[in-house]
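The values are calculated or read from the model by the stated rules, or taken from the named source; none is laboratory data. Bear in mind that the values here come from a model prediction, so they are computed numbers and not experimental data. Heads up, the Cβs are rebuilt from the backbone with ideal geometry, glycines too, and the neighbour counts pull from every protein chain shown. Protein only, heavy atoms only, side chains kept; ligands, DNA and RNA dropped before computing areas. Shrake-Rupley method; radii C 1.70, N 1.55, O 1.52, S 1.80 Å.
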Amino acid sequence: MVGELERPLVSNDVDLAQDQSNDLTRNYDLDGECHLNAALLRPPRTQGLVHKQRLSSASRRLALGDSVVGDVSDPLDGILVGQTLKRRVVTEHLVELQTHGRPENQSQNLRFGTENDRPQESVPNTDAISDQRSCLSLQVVSGPSCGLHCSVLSTSTARLPLTLGRVPPSYLLLKDYEVSGKHAMITWNLNKLRWELVDMGSLNGTLLNSCPIHHPDPGSRLWGDPVELASGDTITVGTTSNIYVHISSHNERLVPFGVGMTSDPMSLRRGGKKLPMEDVCYYHWPLPGINQFGVFGICDGHGGVGAAKSASKILPEMVATILTDSVKRERVVSEQDASDVLKDAFSQTEASMNNYYEGCTATLLLVWADADENFFAQCANVGDSACFINMDGKQIKMTEDHKVTSCSERLRIEGIGEPLKDGETRLCGLNLARMLGDKFVKQQDSRFSSEPYISQVVHLKKSSGAFALLASDGLWDVVSFKKAIQLVVQARERHSTETENLAEKIAEVMLNEARTQRTKDNTSIIFIDFDSISTVSSCKVRP
């Protein structure tokens with residue numbers, strides 16, 4: 001914490017930016033998340049840093065095919081305290097983002113007097129703007145609450161305005177003593193169809209891309225003028241808390257079932273020692289150019305987050321590349337089996353990775369639909385990030401544990417002719433015998449493998465109450481499959497009258513249980529509710 005406070009507002013140390021990006025993320029979805037996906041086999045567009053200069057609407061637009069997923073570089077590379085950003089794109093798109101342009105005249109018509117004042121605006125005909133729904137996502141990228149995340153739709157009037165502050169009921173609750181109780185507020189301007197940020201008379205002020213937007217007399221506690229927000233902006237509250245802004249339109253395709261995704265580095269679970277975030281979780285629906293096929297995955301890194309980022313980018317691309325072959329795609333649908341696709345995708349991903357001293361688990365759930373809109377799911381994994389499906393009250397385990405101590409791995413290793421010694425629980429210091437990456441130790445010991453376990457295919461029957469839960473070992477270390485099912489059932493009953501964001505709420509319930517049970521590892525969770533309708537966009541990646 002002291003180090004964060006002493007860090008200069010502007011730094012040219014790129015390595016520092018990269019180090020900061022490892023400490024992600026605890027996430028809260030206030031509404032449908034709108035992160036986007038990676039275009040097929042295309043590298044990310046790299047952007048430079050620009051100080052104290054707002055970008056034009058055109059320069060902020062993302063062309064078709066730009067990159068998102070946990071791009072091999074960190075999605076938050078180059079974000080430094082106090083800097084104005086034109087950052088590396090962290091999402092890849094199926095459709096072009098619709099960004100409202102910033103008017104040339106920057107003067108504002110509204111001015112706020114005291115903290116109790118609110119903007120007074122007329123409400124236009126909602127039918128006229130039904131196609132203008134926008135999704136705002138905020139991610140704290142530095143400061144004491146680094147990794148905190150929330151999203152909200154412009155149509156969610158119950159959740160707006162969105163308040164940033166140090167005390168409840170602020171939606172983005174920042175544990176930073178330099179942040180005021182009610183520091184700033186974000187609203188959706190229905191007249192101008194844009195997101196606006198206003199300082200609420202904070203003591204330490206608010207910066208937008210390094211430019212102050214608070215009242216010129218900070219001691220007066222008067223509100224500042226509302227200022228338009230654009231995707232790629234950085235909001236600074238206090239001196240160390242920087243918040244990255246992502247805005248996307250509702251035109252992105254929605255997943256046809258409920259999806260909730262969340263993660264937490266559990267940074268303070270080892271006696272207060274900071275724990276770097278090495279998990280990356282993601283989903284893509286549909287895969288670029290492959291209708292009716294989607295992937296959901298978690299990669300848990302060890303030795304660093306590099307291998308997890310590489311695998312989370314390459315693996316979905318390999319699946320999509322294989323499925324571009326219409327013969328292979330049609331065979332999967334007709335035979336209801338994607339074993340060959342998954343096996344080849346893992347093999348090609350391992351061959352493409354260049355991670356010699358870092359490795360990761362990889363659990364990937366492939367979901368597809370046939371012509372009658374029946375859904376099917378099949379999973380492949382290496383490592384110990386697990387997945388199960390529950391349908392009609394029956395639990396179906398979709399993964400295999402590849403710890404050195406597991407019976408299946410001991411039998412596999414014994415079959416190689418190099419059995420483990422009595423009491424031997426690690427190979428070259430690692431407790432996993434299968435993973436992606438770790439090229440160096442694989443060269444030293446032939447008992448390591450990257451060959452995935454591939455599950456049976458599950459036909460996800462309609463009205464069966466089916467759901468899938470994928471999670472890194474941070475959850476499974478403290479929560480059993482049986483307990484997880486109980487938590488899902490209880491959460492569904494508790495929120496039975498709610499239809500919005502149910503999957504996100506259940507994912508948060510799981511994450512909170514891991515916290516309560518004091519897990520000592522990074523925890524990432526993806527919950528898929530095949531019985532509900534999604535309010536989230538087609539793709540998302542979260543490191």
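Annotations
- Scan the stretch 473-527 for residues that are touching a helix residue (DSSP H, G or I) at 6+ places or on another chain (Cβ under 9 Å), of a type in the set (Gly, Ala, Ser) and assigned to a helix (DSSP H, G or I) and the total you get is 4.
- Any chance Ser472 is open to solvent by less than 40 Å² (accessible area, probe 1.4 Å), touching a Cys at 6+ places or on another chain (Cβ under 6 Å) and at pLDDT 90 or above: no
- Within the stretch 339-362, the set of residues being closer than 22 Å to Val458 by Cα and touching a Phe, Trp or Tyr at 6+ places or on another chain (Cβ under 9 Å) comprises just one member, Ala362.
- Any hit, the stretch 501-511, residues being at positive phi and surrounded by fewer than 16 Cβ atoms within 10 Å (Cβ to Cβ): no
- Of the strands (runs of 3 or more DSSP E) that lie entirely inside the stretch 143-225, those containing 1 or more residues that are closer than 20 Å to Asn501 by Cβ and open to solvent by less than 10 Å² (accessible area, probe 1.4 Å) span 149-153, 162-165, 184-189, 194-199.
- Long-range neighbours under 6 Å by Cβ, at least six apart or interchain, first residue without any contact (Cβ under 8 Å) to a residue 60 or more places away in the chain within the stretch 189-205, second among the hydrophobic types (A, V, I, L, M, F, W, C) and in a loop (DSSP other than H, G, I, E, B): Leu197/Leu229; Asp199/Ile213
- Residue satisfying all of: in the stretch 226-263; open to solvent by 10 Å² or more (accessible area, probe 1.4 Å), assigned to a strand (DSSP E or B) and modelled with pLDDT of 85 or more; farthest from Leu153 (Cα to Cα) among these: Val227
- On the stretch given as the stretch 339-370, residues that are open to solvent by 70 Å² or more (accessible area, probe 1.4 Å) and not in a helix (DSSP H, G or I) total 3.
- Scope the stretch 317-338; condition assigned to a helix (DSSP H, G or I), open to solvent by less than 30 Å² (accessible area, probe 1.4 Å) and closer than 20 Å to Val458 by Cβ; matching residues: Val319, Leu323, Val332
- Matching residues in the stretch 463-481 - criterion: being touching a residue at least 40 places away in the same chain (Cβ under 8 Å) and more than 20 Å from the chain's Cα centre (by Cα): Ser463, Ser464, Gly465, Ala466, Asp477, Val478, Phe481
- Condition check for Ser463: modelled with pLDDT under 95, assigned by the TED database to the domain that holds Leu366 and at positive phi: yes
- Subset of the stretch 291-316 (residues that are buried (at least 19 other Cβ atoms within 10 Å of the Cβ), under 20 Å from Phe530 (Cα atoms) and out of contact with any Asp or Glu (no Cβ under 7 Å at 6 or more places or on another chain)): Phe293, Gly294, Val295, Phe296, Gly297
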